[in-house]
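First comes the structure, then the notes that go with it.
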Amino acid sequence: MAINRRPPPPHPLLAFRFWGEECVVYHRLSGDTHLLPARHAEILQRMAEGVGGDRLIDHLVAEHAMDHEEAAELSALLLSSYRDLGLIDPGGG
Amino acid sequence: MRISELDRNALKAHLSGRGLRFRTGPFSISLRSRVPAMVRHIERLYPHAETLDGDAFIDFHLAVDRVAGLRRWVKPQVVFSFDGYRPFKPLPLAQAAAAFEWGLNWCIASSSHQYLIIHAAVVEKEGSGLLLPGAPGSGKSTLCAALIHSGWRLFSDEMVLLSAADGRIHPVPRPVSLKNRSIEIIKEFTQQPVWGERIEGTAKGDIEHMRAPESSLLPPLTATRARYLVFPRYRSGCSAELSPLSKGRASMGLIENAFNFNILGYRGFEMVSDLVDSLACYDFTYPDLKQALDGIEQICSQKP
C-alpha cells in the first residue's frame with residue numbers, strides 16, 4: 001500500500017518525521033511527542049490542513065484502498081483520538 | 001598546563017584560595033574547596049585537565065564547602081554551590097566528591113542549552129560515536145567503563161552533548177561513576193585504572209569514581225558524529241539478545257532520556273530526528289560483560 005512520503009507542509013503546531021512505517025509527531029505548544037503508524041500520521045497531516053468529513057473519507061478511499069465504511073470508521077476514530085491528545089483543535093476538523 | 005603539573009600544595013592553595021580554574025570538555029570551571037577529600041579527588045581523577053589563567057572566562061563558579069556551625073563537629077556535612085546558589089541539601093562530609101560530580105552534572109544539564117543533553121554514556125572509536133542511553137541499573141556506566149579499556153575513547157559516562165551548532169557530539173570526559181557491584185566487576189575486568197575514594201551510603205548506594213585510561217583521553221578528543229545507538233539492558237542469567245530498533249522508537253527513547261528537550265522545543269525535535277537519521281539503532285539485553293562487549297563489536301562491525 002502506497003504511503004504518501006511528501007515533505008510535510010509547514011504547520012504552525014505540528015511537526016512530522018517519517019521513518020518507514022512509523023512517524024514521530026511533535027506538538028509545538030505542548031512539547032509532547034507521539035509515535036504513530038505512518039499512515040495515521042499522514043491522516044493527521046490532512047486533518048491538520050483542514051481536510052475533514054467526506055473529503056477525508058474520499059481521500060482514504062482513494063489513497064489507502066479502503067471501502068467507504070472502513071474509511072469513515074477510521075476517520076472518526078482518529079479524529080476523536082487526536083482531539084483527546086490535543087493534536088487537533090476540538091472545534092475544527 | 002595540566003593539573004598534574006601542580007604539586008599538592010599548589011593544588012590546595014588554588015582550591016582554598018580564589019579557586020582552581022580548569023577545563024573539562026567544553027566547559028571552564030572554577031572550583032573552591034577546603035575539604036581535603038576534594039583535593040585528593042581532583043589530584044587523582046582530573047590530572048589531564050587543562051588549567052586556565054586567572055582572566056579566562058568561567059562557565060561555572062563552583063564550591064564544595066563544609067557546613068558551618070554545629071555541623072562542623074556533629075555529623076559534619078558539605079554543601080555544593082554554583083555562583084553562590086545552593087541547589088541541593090547538604091551531604092555528609094565523606095560524600096564531598098559525589099556532591100561535586102553530581103553538582104557539576106546538574107550545572108551542565110540545567111544551563112548548557114547550546115547542546116541537546118541526553119542521559120547516556122558516549123564512547124568513540126575511529127571517528128564513530130556509540131551512544132548508550134539507559135535507565136539506572138541498565139549497566140550503561142559499567143559497559144562504558146569496560147569499553148574504554150577495550151579500545152574505545154571516553155566522551156562521557158553520563159551525558160551526550162549534541163551541539164545545536166554543528167550536529168556533532170562533543171566530549172566531556174570526566175571520571176566514570178560506578179556503583180555497588182559494578183565497582184568490583186570493573187576492578188576484576190581491568191587491573192590498571194586509578195580510582196577515587198569509595199563513597200559509601202549515598203542515595204545511589206556505594207560509589208567509586210574511576211579515572212579513564214590515558215589512551216582513552218589523549219590526544220585530546222574532538223567532536224564526532226554518532227553512528228550507533230544501543231539501549232543496553234543488563235539481565236542476570238538471560239541469553240544475549242540483540243535486536244534492531246526502529247528509528248521511531250529510537251527517537252522516542254532519546255527524547256525520554258533528554259534533559260532539556262522541552263527547553264529546546266522544536267529545535268530539539270529536529271536535532272533528535274536528524275541524529276536518529278544517521279544512527280544504526282539497537283536494543284541489547286546482555287547477561288555479563290563479555291557478552292556485552294561481543295555484542296557491541298558485532299554491532300559496530302556492520303555498516304550503519
Problem - Flag if B:R181 is at pLDDT 95 or above and open to solvent by 50 Å² or more (accessible area, probe 1.4 Å) - result: no
Exercise for the section: Working only within segment A:46-69, note down all residues that are free of Cβ contacts under 8 Å to residues at least 40 places away in the same chain and either polar (S, T, N, Q) or closer than 20 Å to A:E21 by Cα (or both). Expected result: A:R46, A:H59, A:L60, A:V61, A:A62, A:M66
Practice task
May I ask you to list the residues in segment A:18-53 that are more than 10 Å from every other protein chain (Cβ to nearest Cβ) and of a type outside the set (A, V, I, L, M, F, W, C)?
Solution key: A:R39, A:H40, A:E42, A:Q45, A:R46, A:E49, A:G50, A:G52, A:G53
Exercise for the section: Quick one: in segment B:48-67, of everything that is open to solvent by less than 60 Å² (accessible area, probe 1.4 Å) and in contact with an Asp or Glu (Cβ under 9 Å, 6 or more places away or on another chain), which residue is modelled with the lowest pLDDT? Expected result: B:H48
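Looking at this structure, is A:L60 within 14 Å of chain B (Cβ to nearest Cβ) and either out of contact with any strand residue (DSSP E or B) (no Cβ under 9 Å at 6 or more places or on another chain) or part of a strand (DSSP E or B) (or both)?
Details: within 14 Å of chain B (Cβ to nearest Cβ): no; either out of contact with any strand residue (DSSP E or B) (no Cβ under 9 Å at 6 or more places or on another chain) or part of a strand (DSSP E or B) (or both): yes.
Criteria not met by A:L60.
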Practice task
Would you mind stating whether B:M252 is within 14 Å of chain A (Cβ to nearest Cβ) and either charged (D, E, K, R) or under 24 Å from B:L161 (Cβ atoms) (or both)?
Solution key: yes
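Among the residues of segment B:45-104, which ones are of a type in the set (K, R), in contact (Cβ under 8 Å) with a residue 12 or more places away in the chain and either touching a Phe, Trp or Tyr at 6+ places or on another chain (Cβ under 9 Å) or assigned to a loop (DSSP other than H, G, I, E, B) (or both)? Before the answer, list the steps.
Residues of segment B:45-104 that are of a type in the set (K, R), as a first pass: B:66, B:71-72, B:75, B:86, B:89.
Narrowing further to those that are in contact (Cβ under 8 Å) with a residue 12 or more places away in the chain: B:66, B:71, B:75.
Once the filter is applied, which keeps residues that are of a type in the set (K, R), in contact (Cβ under 8 Å) with a residue 12 or more places away in the chain and either touching a Phe, Trp or Tyr at 6+ places or on another chain (Cβ under 9 Å) or assigned to a loop (DSSP other than H, G, I, E, B) (or both), segment B:45-104 yields only B:K75.
Kindly provide the set of residues from segment B:250-263 that are in contact (Cβ under 8 Å) with a residue 24 or more places away in the chain and open to solvent by 90 Å² or more (accessible area, probe 1.4 Å), ordered by number. Reasoning before the result, please.
The first filter runs over segment B:250-263 and keeps only residues in contact (Cβ under 8 Å) with a residue 24 or more places away in the chain, leaving B:250-251, B:253-254, B:257-261, B:263.
The answer is B:F259, B:I263.
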Exercise for the section: Determine if segment B:286-295 includes at least one residue that is within 14 Å of chain A (Cβ to nearest Cβ), of a type in the set (F, W, Y) and either under 22 Å from the mean Cα position of the chain (by Cα) or open to solvent by less than 30 Å² (accessible area, probe 1.4 Å) (or both). Expected result: no
Handout entry: All positions within segment B:204-219 that are at pLDDT 90 or above and surrounded by fewer than 17 Cβ atoms within 10 Å (Cβ to Cβ)
Key = B:G205, B:D206
Fill in the blank from the handout: Across (1) in contact with a Ser or Thr (Cβ under 7 Å, 6 or more places away or on another chain); (2) within 14 Å of another protein chain (Cβ to nearest Cβ); (3) surrounded by fewer than 17 Cβ atoms within 10 Å (Cβ to Cβ), A:G86 clears everything bar (2)
Completion exercise
Looking across segment B:25-44 at residues that are in contact (Cβ under 8 Å) with a residue 40 or more places away in the chain and part of a strand (DSSP E or B), the single one that is surrounded by the fewest Cβ atoms within 10 Å (Cβ to Cβ) is B:F27
Problem - Neighbours by Cβ (under 8 Å, 6+ apart or cross-chain): first from segment B:202-228, within 27 Å of B:S128 (Cβ to Cβ); second among the acidic types (D, E) - result: B:H209/B:E101; B:L221/B:E124; B:A223/B:D166; B:T224/B:E124
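Do you know which of the residues in segment B:264-273 that are more than 9 Å from chain A (Cβ to nearest Cβ) and open to solvent by 30 Å² or more (accessible area, probe 1.4 Å) is farthest from B:H119 (Cα to Cα)? First the steps, then the outcome.
Residues of segment B:264-273 that are more than 9 Å from chain A (Cβ to nearest Cβ), as a first pass: B:264, B:267, B:271.
From what's left, open to solvent by 30 Å² or more (accessible area, probe 1.4 Å): B:264, B:267.
Working: B:L264: 15, B:R267: 18 Å.
My answer is B:R267.
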Completion exercise
Those residues of segment B:105-136 that are open to solvent by less than 40 Å² (accessible area, probe 1.4 Å) and part of a helix (DSSP H, G or I) come to a total of 4
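Can you work out which of the residues in segment B:228-246 that are open to solvent by 60 Å² or more (accessible area, probe 1.4 Å) and either of a type outside the set (D, E, K, R) or touching a helix residue (DSSP H, G or I) at 6+ places or on another chain (Cβ under 8 Å) (or both) is farthest from B:A292 (Cα to Cα)? Steps first, answer last, please.
The first filter runs over segment B:228-246 and keeps only residues open to solvent by 60 Å² or more (accessible area, probe 1.4 Å), leaving B:233-237, B:239, B:241, B:244.
Next, from what is left, pick out any that are either of a type outside the set (D, E, K, R) or touching a helix residue (DSSP H, G or I) at 6+ places or on another chain (Cβ under 8 Å) (or both): B:234, B:236-237, B:239, B:244.
Working: B:Y234: 9, B:S236: 12, B:G237: 13, B:S239: 11, B:P244: 15 Å.
Once the filter is applied, the top-ranked residue is B:P244.
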Fill in the blank from the handout: Across (1) crowded, with 22+ Cβ neighbours inside 10 Å; (2) at pLDDT 95 or above; (3) more than 12 Å from B:T224 (Cα to Cα), B:P173 clears everything bar (2)
Exercise for the section: Could you check B:I199 against (1) away from chain A (no Cβ under 14 Å); (2) on the phi > 0 side of the Ramachandran plot and say which number it fails? Expected result: (2)
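The values are calculated or read from the model by the stated rules, or taken from the named source; none is laboratory data. Computed from a predicted model, the values in this text were never measured in an experiment. So basically every Cβ, Gly included, is an ideal-geometry build from the backbone, and we count neighbours across all protein chains shown. Heavy atoms of the whole protein, side chains included, go into the accessibility calculation; ligands, DNA and RNA do not. Shrake-Rupley method; radii C 1.70, N 1.55, O 1.52, S 1.80 Å.
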